[in-house]
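The values are calculated or read from the model by the stated rules, or taken from the named source; none is laboratory data. Worth saying up front: this structure is predicted, and the values here are computed from it rather than measured. Methodologically, a virtual Cβ is constructed for each residue, glycine included, from the backbone with ideal geometry; neighbour enumeration extends over all protein chains shown.
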Amino acid sequence: MSGDLLDSVGMFDLAAALPDQVAEAAELAAGVTGLPDRQTVQNVVVLGMGGSGIAGDVLRAIAGPFLSVPVTVVKGHEIPAFVGPGTLCFAISYSGATEETLAAARAAAEVGAHMVVLSRGGALAALAVEWDAPAIALPDIPMPRAGIGAVSIPPLMVLEQMGLFPGATQQVAEAVAQLARRRDELIRDGGLAQQIAREIGRTIPVAYGGDALGAVAAYRFKCQVNENAKAPAFAASLPELCHNEICGWGQHGDVTRQIMTVVRFRHDFEHPQVARRFDLTFDIIDEVVHAVVDINARGEGALAQLFDLIVQADLVSLHMAAAAGVDPGPIPVLVDLKAALAP
(Lines give C-alpha, C1' and ligand atoms only; values in the text may rest on other atoms or scores of the structure.)
Protein backbone atom coordinates (compact mmCIF):
# COMPACT_ATOMS: atom_id res chain seq x y z
CA MET A 1 0.00 0.00 0.00
CA SER A 2 2.81 2.40 0.81
CA GLY A 3 4.19 2.38 -2.76
CA ASP A 4 6.73 5.16 -3.32
CA LEU A 5 5.77 7.00 -0.14
CA LEU A 6 8.43 7.91 2.39
CA ASP A 7 7.51 5.16 4.85
CA SER A 8 10.61 3.33 6.07
CA VAL A 9 8.87 0.95 8.49
CA GLY A 10 5.63 0.36 6.57
CA MET A 11 3.20 2.33 8.72
CA PHE A 12 0.62 2.48 5.92
CA ASP A 13 0.67 -1.29 5.54
CA LEU A 14 0.43 -1.78 9.31
CA ALA A 15 -2.64 0.46 9.47
CA ALA A 16 -4.25 -1.45 6.61
CA ALA A 17 -3.57 -4.72 8.45
CA LEU A 18 -5.47 -3.65 11.57
CA PRO A 19 -8.41 -6.04 10.94
CA ASP A 20 -6.01 -8.99 10.94
CA GLN A 21 -4.15 -7.66 13.95
CA VAL A 22 -7.34 -7.38 16.00
CA ALA A 23 -8.44 -10.89 15.04
CA GLU A 24 -5.05 -12.35 15.94
CA ALA A 25 -4.88 -10.37 19.18
CA ALA A 26 -8.00 -12.09 20.46
CA GLU A 27 -6.12 -15.37 20.32
CA LEU A 28 -3.15 -14.04 22.30
CA ALA A 29 -5.11 -14.19 25.54
CA ALA A 30 -6.60 -17.62 24.90
CA GLY A 31 -5.71 -20.08 27.62
CA VAL A 32 -4.09 -17.57 29.97
CA THR A 33 -3.73 -19.26 33.34
CA GLY A 34 -3.04 -17.99 36.85
CA LEU A 35 -5.80 -15.39 36.84
CA PRO A 36 -7.48 -14.55 40.16
CA ASP A 37 -11.05 -15.50 40.97
CA ARG A 38 -13.40 -12.75 39.82
CA GLN A 39 -14.89 -12.53 43.31
CA THR A 40 -11.55 -11.31 44.68
CA VAL A 41 -11.22 -8.44 42.18
CA GLN A 42 -12.20 -5.11 43.67
CA ASN A 43 -10.74 -2.87 40.97
CA VAL A 44 -8.93 -3.00 37.63
CA VAL A 45 -5.82 -0.92 36.97
CA VAL A 46 -4.04 -0.55 33.63
CA LEU A 47 -0.44 0.68 33.53
CA GLY A 48 1.03 1.94 30.28
CA MET A 49 2.41 4.87 28.35
CA GLY A 50 1.97 6.14 24.80
CA GLY A 51 1.04 3.53 22.22
CA SER A 52 0.76 0.91 24.96
CA GLY A 53 -1.14 3.08 27.42
CA ILE A 54 -3.96 3.63 24.92
CA ALA A 55 -5.02 0.06 25.76
CA GLY A 56 -6.16 1.29 29.17
CA ASP A 57 -8.25 4.04 27.58
CA VAL A 58 -9.89 1.50 25.28
CA LEU A 59 -10.62 -0.87 28.16
CA ARG A 60 -12.15 1.88 30.27
CA ALA A 61 -14.32 3.13 27.40
CA ILE A 62 -15.51 -0.29 26.21
CA ALA A 63 -15.63 -2.50 29.31
CA GLY A 64 -15.78 0.12 32.05
CA PRO A 65 -19.52 0.84 31.75
CA PHE A 66 -20.32 -2.86 32.20
CA LEU A 67 -17.85 -3.92 34.88
CA SER A 68 -18.97 -4.30 38.47
CA VAL A 69 -15.65 -2.80 39.60
CA PRO A 70 -13.96 0.51 38.71
CA VAL A 71 -11.21 0.87 36.09
CA THR A 72 -8.25 3.21 36.57
CA VAL A 73 -5.65 4.01 33.92
CA VAL A 74 -2.21 5.00 35.19
CA LYS A 75 0.17 6.81 32.85
CA GLY A 76 3.08 7.54 35.11
CA HIS A 77 5.47 6.19 37.74
CA GLU A 78 3.16 6.07 40.75
CA ILE A 79 0.14 3.94 41.55
CA PRO A 80 -2.97 4.96 43.53
CA ALA A 81 -3.02 4.13 47.23
CA PHE A 82 -5.96 1.76 46.80
CA VAL A 83 -3.94 -0.71 44.71
CA GLY A 84 -3.48 -3.96 46.63
CA PRO A 85 -4.50 -7.63 46.80
CA GLY A 86 -7.92 -6.78 45.39
CA THR A 87 -6.44 -5.22 42.24
CA LEU A 88 -6.27 -6.87 38.82
CA CYS A 89 -3.38 -4.96 37.25
CA PHE A 90 -2.51 -5.03 33.55
CA ALA A 91 1.07 -3.83 32.99
CA ILE A 92 1.55 -3.06 29.30
CA SER A 93 4.79 -2.06 27.59
CA TYR A 94 5.50 -3.11 24.03
CA SER A 95 9.26 -2.90 24.50
CA GLY A 96 9.09 -4.15 28.07
CA ALA A 97 11.45 -1.32 28.96
CA THR A 98 9.17 1.68 29.54
CA GLU A 99 10.54 3.46 32.61
CA GLU A 100 7.23 4.66 34.03
CA THR A 101 5.44 1.34 33.51
CA LEU A 102 8.24 -0.65 35.10
CA ALA A 103 8.23 1.59 38.18
CA ALA A 104 4.45 1.41 38.55
CA ALA A 105 4.36 -2.35 37.92
CA ARG A 106 7.00 -3.02 40.57
CA ALA A 107 5.04 -0.90 43.05
CA ALA A 108 1.79 -2.73 42.26
CA ALA A 109 3.39 -6.15 42.61
CA GLU A 110 4.96 -5.17 45.93
CA VAL A 111 1.56 -4.43 47.47
CA GLY A 112 0.09 -7.71 46.27
CA ALA A 113 -1.81 -6.77 43.11
CA HIS A 114 -2.64 -9.61 40.71
CA MET A 115 -0.39 -8.80 37.77
CA VAL A 116 -1.03 -9.57 34.09
CA VAL A 117 1.87 -8.54 31.85
CA LEU A 118 1.75 -7.68 28.14
CA SER A 119 5.07 -7.09 26.41
CA ARG A 120 7.32 -8.24 23.60
CA GLY A 121 10.08 -9.00 26.09
CA GLY A 122 12.49 -6.84 28.03
CA ALA A 123 12.59 -6.18 31.75
CA LEU A 124 8.81 -6.35 32.12
CA ALA A 125 8.69 -9.89 30.73
CA ALA A 126 11.49 -10.86 33.11
CA LEU A 127 9.51 -9.44 36.02
CA ALA A 128 6.49 -11.51 35.00
CA VAL A 129 8.63 -14.63 35.32
CA GLU A 130 9.92 -13.45 38.70
CA TRP A 131 6.38 -12.80 39.91
CA ASP A 132 5.03 -16.01 38.33
CA ALA A 133 2.41 -13.76 36.75
CA PRO A 134 0.37 -14.42 33.60
CA ALA A 135 2.23 -13.00 30.60
CA ILE A 136 0.97 -12.34 27.08
CA ALA A 137 3.68 -12.13 24.42
CA LEU A 138 2.94 -9.33 21.96
CA PRO A 139 3.68 -9.74 18.24
CA ASP A 140 6.72 -8.15 16.62
CA ILE A 141 5.44 -4.75 15.45
CA PRO A 142 8.10 -2.07 14.87
CA MET A 143 6.21 0.85 16.43
CA PRO A 144 3.93 0.41 19.49
CA ARG A 145 1.45 2.94 18.12
CA ALA A 146 0.90 0.59 15.17
CA GLY A 147 -0.01 -2.22 17.57
CA ILE A 148 -3.19 -0.81 19.11
CA GLY A 149 -5.11 -3.99 18.39
CA ALA A 150 -2.39 -6.16 19.89
CA VAL A 151 -2.35 -4.24 23.19
CA SER A 152 -6.05 -3.40 23.49
CA ILE A 153 -7.83 -6.66 22.69
CA PRO A 154 -6.11 -9.17 25.05
CA PRO A 155 -7.15 -7.36 28.27
CA LEU A 156 -10.77 -7.43 27.11
CA MET A 157 -10.47 -11.16 26.43
CA VAL A 158 -8.92 -11.75 29.86
CA LEU A 159 -11.83 -9.95 31.50
CA GLU A 160 -14.25 -12.11 29.52
CA GLN A 161 -12.37 -15.27 30.53
CA MET A 162 -12.74 -14.23 34.16
CA GLY A 163 -16.46 -13.60 33.75
CA LEU A 164 -16.11 -9.86 34.33
CA PHE A 165 -16.88 -8.74 30.77
CA PRO A 166 -19.11 -11.22 28.91
CA GLY A 167 -19.52 -10.55 25.21
CA ALA A 168 -15.96 -9.50 24.40
CA THR A 169 -15.60 -12.24 21.78
CA GLN A 170 -18.68 -11.02 19.92
CA GLN A 171 -17.55 -7.40 20.07
CA VAL A 172 -14.15 -8.34 18.66
CA ALA A 173 -15.77 -10.25 15.78
CA GLU A 174 -17.93 -7.22 14.98
CA ALA A 175 -14.88 -4.95 15.11
CA VAL A 176 -12.91 -7.17 12.72
CA ALA A 177 -15.80 -7.21 10.25
CA GLN A 178 -16.17 -3.42 10.31
CA LEU A 179 -12.43 -2.82 10.06
CA ALA A 180 -12.25 -5.03 6.97
CA ARG A 181 -15.09 -3.11 5.32
CA ARG A 182 -13.59 0.26 6.20
CA ARG A 183 -10.08 -0.76 5.17
CA ASP A 184 -11.28 -1.55 1.66
CA GLU A 185 -12.74 1.97 1.42
CA LEU A 186 -9.70 3.74 2.83
CA ILE A 187 -6.91 2.18 0.84
CA ARG A 188 -8.26 3.45 -2.48
CA ASP A 189 -6.40 6.40 -3.95
CA GLY A 190 -8.38 9.52 -3.19
CA GLY A 191 -10.26 7.75 -0.37
CA LEU A 192 -11.87 9.43 2.60
CA ALA A 193 -8.75 9.53 4.79
CA GLN A 194 -6.77 11.21 2.04
CA GLN A 195 -9.59 13.70 1.46
CA ILE A 196 -9.70 14.65 5.14
CA ALA A 197 -5.91 15.01 5.28
CA ARG A 198 -6.09 17.38 2.31
CA GLU A 199 -8.85 19.38 4.01
CA ILE A 200 -6.71 19.74 7.14
CA GLY A 201 -3.71 20.63 5.00
CA ARG A 202 -1.07 22.49 6.99
CA THR A 203 -3.50 23.67 9.64
CA ILE A 204 -3.40 22.40 13.23
CA PRO A 205 -6.11 19.82 13.96
CA VAL A 206 -8.17 20.08 17.14
CA ALA A 207 -9.93 16.76 17.73
CA TYR A 208 -13.31 16.70 19.48
CA GLY A 209 -14.94 13.46 20.66
CA GLY A 210 -18.14 12.80 22.53
CA ASP A 211 -18.32 10.76 25.76
CA ALA A 212 -15.69 8.12 26.61
CA LEU A 213 -15.66 6.40 23.23
CA GLY A 214 -15.29 9.58 21.21
CA ALA A 215 -12.75 10.97 23.66
CA VAL A 216 -10.48 7.95 23.13
CA ALA A 217 -10.71 8.30 19.35
CA ALA A 218 -9.97 12.03 19.49
CA TYR A 219 -6.99 11.59 21.80
CA ARG A 220 -5.64 8.73 19.68
CA PHE A 221 -5.83 10.97 16.59
CA LYS A 222 -4.00 13.79 18.38
CA CYS A 223 -1.18 11.41 19.32
CA GLN A 224 -0.99 9.90 15.83
CA VAL A 225 -0.69 13.34 14.23
CA ASN A 226 2.08 14.15 16.71
CA GLU A 227 4.05 10.96 16.04
CA ASN A 228 3.23 10.17 12.42
CA ALA A 229 3.01 13.64 10.88
CA LYS A 230 5.41 15.19 13.41
CA ALA A 231 2.93 18.05 13.75
CA PRO A 232 1.06 19.74 16.61
CA ALA A 233 -2.48 18.61 17.37
CA PHE A 234 -4.84 18.92 20.31
CA ALA A 235 -7.84 17.04 21.67
CA ALA A 236 -10.79 17.66 23.96
CA SER A 237 -14.03 15.88 24.77
CA LEU A 238 -17.70 16.72 25.03
CA PRO A 239 -19.47 17.57 27.24
CA GLU A 240 -16.47 18.87 29.23
CA LEU A 241 -15.24 21.27 26.55
CA CYS A 242 -18.65 22.94 26.59
CA HIS A 243 -17.84 24.16 30.10
CA ASN A 244 -14.46 25.74 29.31
CA GLU A 245 -12.69 25.34 25.96
CA ILE A 246 -15.60 26.63 23.91
CA CYS A 247 -15.03 30.05 25.47
CA GLY A 248 -11.55 30.11 23.97
CA TRP A 249 -12.92 30.56 20.46
CA GLY A 250 -14.26 33.97 21.43
CA GLN A 251 -11.20 35.91 20.26
CA HIS A 252 -8.51 35.77 17.56
CA GLY A 253 -10.82 34.39 14.89
CA ASP A 254 -8.72 36.18 12.25
CA VAL A 255 -5.83 33.92 13.31
CA THR A 256 -7.59 30.66 14.17
CA ARG A 257 -9.54 30.48 10.91
CA GLN A 258 -6.25 30.37 9.07
CA ILE A 259 -4.41 27.80 11.17
CA MET A 260 -6.86 25.51 12.97
CA THR A 261 -9.25 22.77 11.84
CA VAL A 262 -11.71 21.03 14.17
CA VAL A 263 -12.06 17.28 13.53
CA ARG A 264 -15.15 15.82 15.16
CA PHE A 265 -15.34 12.11 16.00
CA ARG A 266 -18.97 10.99 15.90
CA HIS A 267 -20.49 7.66 16.91
CA ASP A 268 -23.87 6.09 17.61
CA PHE A 269 -23.33 5.78 21.35
CA GLU A 270 -23.29 9.49 22.13
CA HIS A 271 -25.63 10.65 24.88
CA PRO A 272 -28.50 12.58 23.24
CA GLN A 273 -27.44 15.77 24.98
CA VAL A 274 -23.88 15.32 23.74
CA ALA A 275 -25.21 15.02 20.19
CA ARG A 276 -27.09 18.29 20.71
CA ARG A 277 -23.93 19.91 22.04
CA PHE A 278 -22.07 18.95 18.87
CA ASP A 279 -24.68 20.84 16.85
CA LEU A 280 -24.63 23.88 19.12
CA THR A 281 -20.84 24.12 19.33
CA PHE A 282 -20.62 23.93 15.53
CA ASP A 283 -22.55 27.18 15.33
CA ILE A 284 -19.99 28.75 17.66
CA ILE A 285 -16.78 27.53 16.01
CA ASP A 286 -17.68 27.32 12.32
CA GLU A 287 -16.74 30.90 11.53
CA VAL A 288 -13.48 30.96 13.50
CA VAL A 289 -11.71 27.86 12.17
CA HIS A 290 -10.38 26.80 8.79
CA ALA A 291 -12.90 23.93 8.62
CA VAL A 292 -15.00 21.56 10.70
CA VAL A 293 -14.55 17.98 9.50
CA ASP A 294 -16.46 14.93 10.70
CA ILE A 295 -15.12 11.39 11.03
CA ASN A 296 -18.15 9.14 11.47
CA ALA A 297 -18.23 5.65 12.95
CA ARG A 298 -20.02 2.66 11.52
CA GLY A 299 -20.32 -0.90 12.75
CA GLU A 300 -22.20 -3.05 15.22
CA GLY A 301 -21.21 -2.48 18.83
CA ALA A 302 -19.07 0.04 20.67
CA LEU A 303 -15.75 -1.70 20.00
CA ALA A 304 -16.44 -1.85 16.26
CA GLN A 305 -17.28 1.84 16.16
CA LEU A 306 -14.25 2.83 18.23
CA PHE A 307 -11.85 0.90 16.03
CA ASP A 308 -13.62 2.22 12.94
CA LEU A 309 -12.83 5.75 14.13
CA ILE A 310 -9.27 4.73 14.99
CA VAL A 311 -8.41 3.21 11.61
CA GLN A 312 -9.82 6.25 9.80
CA ALA A 313 -7.91 8.65 12.02
CA ASP A 314 -4.68 6.67 11.78
CA LEU A 315 -4.77 6.81 8.00
CA VAL A 316 -5.61 10.53 8.03
CA SER A 317 -2.48 11.13 10.11
CA LEU A 318 -0.42 9.02 7.72
CA HIS A 319 -1.70 10.93 4.70
CA MET A 320 -0.85 14.16 6.51
CA ALA A 321 2.69 12.84 6.88
CA ALA A 322 2.84 11.86 3.22
CA ALA A 323 1.61 15.28 2.10
CA ALA A 324 4.33 16.92 4.20
CA GLY A 325 7.04 14.57 2.93
CA VAL A 326 7.56 13.19 6.45
CA ASP A 327 8.52 9.60 7.24
CA PRO A 328 5.81 8.56 9.74
CA GLY A 329 7.81 5.76 11.36
CA PRO A 330 10.94 7.05 13.10
CA ILE A 331 10.51 9.26 16.17
CA PRO A 332 14.08 10.47 16.85
CA VAL A 333 13.03 13.17 19.30
CA LEU A 334 11.55 10.52 21.62
CA VAL A 335 14.62 8.34 21.27
CA ASP A 336 16.85 11.26 22.18
CA LEU A 337 14.61 12.24 25.09
CA LYS A 338 14.69 8.71 26.56
CA ALA A 339 18.47 8.62 26.16
CA ALA A 340 18.80 11.93 28.00
CA LEU A 341 16.65 10.59 30.86
CA ALA A 342 18.58 7.34 31.19
CA PRO A 343 20.70 7.10 34.37
Inset, instruction - With respect to PHE269, determine if the residue is in a helix (DSSP H, G or I), modelled with pLDDT of 95 or more, under 24 Å from the mean Cα position of the chain (by Cα) and not aliphatic (A, V, I, L, M). - result: no
Inset, instruction - List every residue pair whose Cβ atoms lie under 8 Å apart, where the two residues are 6 or more positions apart in sequence or sit on different chains, the first residue falls within region 132-146 and is outside the structural domain of GLN224 (by TED's automatic domain parsing), and the second residue, located anywhere, is part of a loop (DSSP other than H, G, I, E, B) and loosely packed, with under 14 Cβ neighbours inside 10 Å. - result: ASP132/GLY34; ALA133/GLY34; PRO134/THR33; PRO134/GLY34
Inset, instruction - Could you check, for region 271-278, whether at least one of its residues is over 13 Å from ALA217 (Cα atoms), aliphatic (A, V, I, L, M) and free of Cβ contacts under 8 Å to residues at least 60 places away in the same chain? - result: no
Legend entry - Condition met for VAL172 (out of contact with any strand residue (DSSP E or B) (no Cβ under 8 Å at 6 or more places or on another chain), in a helix (DSSP H, G or I) and either more than 30 Å from GLN39 (Cβ to Cβ) or touching a residue at least 40 places away in the same chain (Cβ under 8 Å) (or both)): yes
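Restricting to region 282-340, give me the number of residues that are assigned to a helix (DSSP H, G or I), of a type in the set (D, E, K, R) and within 20 Å of ALA61 (Cβ to Cβ). Don't jump to the end; show me each part of the working.
As a first pass, look at region 282-340 and keep what is assigned to a helix (DSSP H, G or I): 282-288, 302-324, 332-340.
So of that shortlist, the ones also of a type in the set (D, E, K, R) come out as 283, 286-287, 308, 314, 336, 338.
Then keep just the ones that are within 20 Å of ALA61 (Cβ to Cβ); that gives 308, 314.
So the answer is 2.
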Inset, instruction - Might you let me know whether region 78-93 holds any residue that is within 30 Å of MET11 (Cβ to Cβ), assigned to a loop (DSSP other than H, G, I, E, B), at pLDDT 95 or above and not polar (S, T, N, Q)? - result: no
